[in-house]
Amino acid sequence: MTPHRTRPAREALRGVVLLLALLLPVTACALAAPGDPADGEKVVVLGPWTDKQEHQFTELLKGFGIPFAYQGTAAQREMLLSQVQTGTAPHVAIMPGVGELAEYAETGRLKPLDELLGEEELKKYGPPWQPRTADGMTYWVPVKANLKSIVWHRRGVVPPAGPVGMAAWCTGMGDDGASGWPGSDWIEDIVLQSQGRDVYEKWATGHVDVPWTHERIVRAWRAWGAMAAADPEAAERALHTDHRGRTPRGGGLLFDEGGCSLEHQGSFAPAFYGERTAEADFTDSAPLLPGGPYRQRGYEVSADFAVLFDDTPLARELLKKLVSQKGQARWAGTGEGGVFSARSDVAPKGGGPDQQTALRLTGGTGSVRCLDASDVMSPAVRDAFYDATLLHLADTEPDPGDRRLKQRLADIQKVQEEHKEKREREGRLGTSLSGVCEPR
């Protein structure tokens, strides 16, 4: 994906993706369209997993003894939007963007889960896994957790003691329809480690005290951009590389012989390493981030959250089993694909990186955890964020006074303010989620 795409061009692409989502088949298990008589006793579940992880997930669902139809697609956001707009929403949807889910909740599309799951069950997840909307209700529960603020390296190779040049980083900015999100992870992590949880949370939720143009946010972008500007060739390579790797053979970016040795990526990265997964290990990111070294102030985390669109008895029962201790233990116990639970009473199988990941995800290290900032933002702001990371990485020319950088951030701030004003005109609830980071 070209880093110089204008907003109209990006919107046009998004329209094409939506059209393809409507026209192309999705992978499915016992699939039937909602409303079809043959589907009357099935729970329709829309999720992000395909291929190997789809098989793992559908095997888990089969164990619940509840008839279901699973729809797995890479164009999940577009597919869900089209289904909601045509009145054919799934019973249960699973997706990462709580900012997007919050908008469905605001418009009355989602069913509250407080009564269904109960306070004691919800406590097993704890903060920050259930950020609240303005009405204080719970609308989503994480069914698969991911750890960020880590750096992968080859096992047995001691990582550097401080920041290194961009050529050492295995960086790919490309993705299907969401290019730029790996860059957002870099910015988010630098903000968290350099500024701490309070600044991070206010920025992520659109608080007036920390706008996009705040010097503390500018500083994070400046640090990341300076690393790229020092090696334009490596920056250009990152812009034209997919985050999953350069070749279809597997091995991801870390093992594809590209010459890099460090990968700033989440706990899901080993899913791309294939047969070389056992050769990978990770370390905390803070000492290695540009502009540092910093001390590790916390961990960015993300998740795939389950929500209830259609409140039928079977759908309620399936969701309860999916987020229960038994269901989560089975899902996390597959031992493959980097599946981790956010429940505090679910321990992973095995040791090494898996054990360390679980400790960080459930707060076992005592460090603060914050949800991925771009996942918390509204879709419009999130997309503007992704676009800006591509433009910033491509802009390796001198920028006196950060003039071009500040203009890009002012553009995102404008999108944020316009979106807030639109919601206020429509009489919707407050724009901010709370509880994005753990309490002190």
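The values are calculated or read from the model by the stated rules, or taken from the named source; none is laboratory data. On a predicted model such as this, the values are computed, not experimentally measured, just so you know. Cβ: placed from backbone, ideal geometry, glycine included. Neighbour counts: every protein chain shown.
Taking the listed residues Ala105, Ala167, Ala134, Ala161, the one that is closer than 30 Å to Arg316 by Cα and surrounded by fewer than 20 Cβ atoms within 10 Å (Cβ to Cβ) is Ala134, with no other qualifying. Checking the structure you have, find out if any residue of region 369-382 is farther than 21 Å from Val191 by Cβ, in a loop (DSSP other than H, G, I, E, B) and among the small types (Gly, Ala, Ser). For region 369-382, residues farther than 21 Å from Val191 by Cβ, in a loop (DSSP other than H, G, I, E, B) and among the small types (Gly, Ala, Ser): absent. Annotation note: of Ala223, Ala238, the sole residue that is assigned by TED's automatic domain parsing to the domain that holds Pro287 and buried (at least 21 other Cβ atoms within 10 Å of the Cβ) is Ala238. No other residue among Glu275, Glu263, Glu201 is out of contact with any helix residue (DSSP H, G or I) (no Cβ under 8 Å at 6 or more places or on another chain) and outside any helix (DSSP H, G or I) apart from Glu263. Condition test on Ala306, is it crowded, with 16+ Cβ neighbours inside 10 Å and part of a strand (DSSP E or B)? Criteria met by Ala306. Applying the set (1) within 30 Å of Arg295 (Cβ to Cβ); (2) surrounded by 21 or more Cβ atoms within 10 Å (Cβ to Cβ); (3) within 17 Å of the chain's Cα centre (by Cα) to Tyr125 leaves exactly one unmet item: (3). Just a yes or no: is a residue in region 394-408 in contact (Cβ under 8 Å) with a residue 60 or more places away in the chain and under 21 Å from the mean Cα position of the chain (by Cα)? Taking every residue of region 394-408 in turn, none turns out to be in contact (Cβ under 8 Å) with a residue 60 or more places away in the chain and under 21 Å from the mean Cα position of the chain (by Cα). Does Arg244 meet the test of being outside any helix (DSSP H, G or I) and either over 23 Å from the mean Cα position of the chain (by Cα) or of a type in the set (Lys, Arg) (or both)? For Arg244, the condition - outside any helix (DSSP H, G or I) and either over 23 Å from the mean Cα position of the chain (by Cα) or of a type in the set (Lys, Arg) (or both) - is met. Scoring Pro127 on the criteria (1) outside any loop (DSSP other than H, G, I, E, B); (2) farther than 18 Å from Asp310 by Cβ; (3) touching an Asp or Glu at 6+ places or on another chain (Cβ under 8 Å) leaves a single failure, condition (1).
Which one is farthest from Ala373 (Cα to Cα), of the residues in region 263-279 that are in contact with a strand residue (DSSP E or B) (Cβ under 8 Å, 6 or more places away or on another chain) and buried (at least 19 other Cβ atoms within 10 Å of the Cβ)?
Only one residue fits best here, namely Tyr273.
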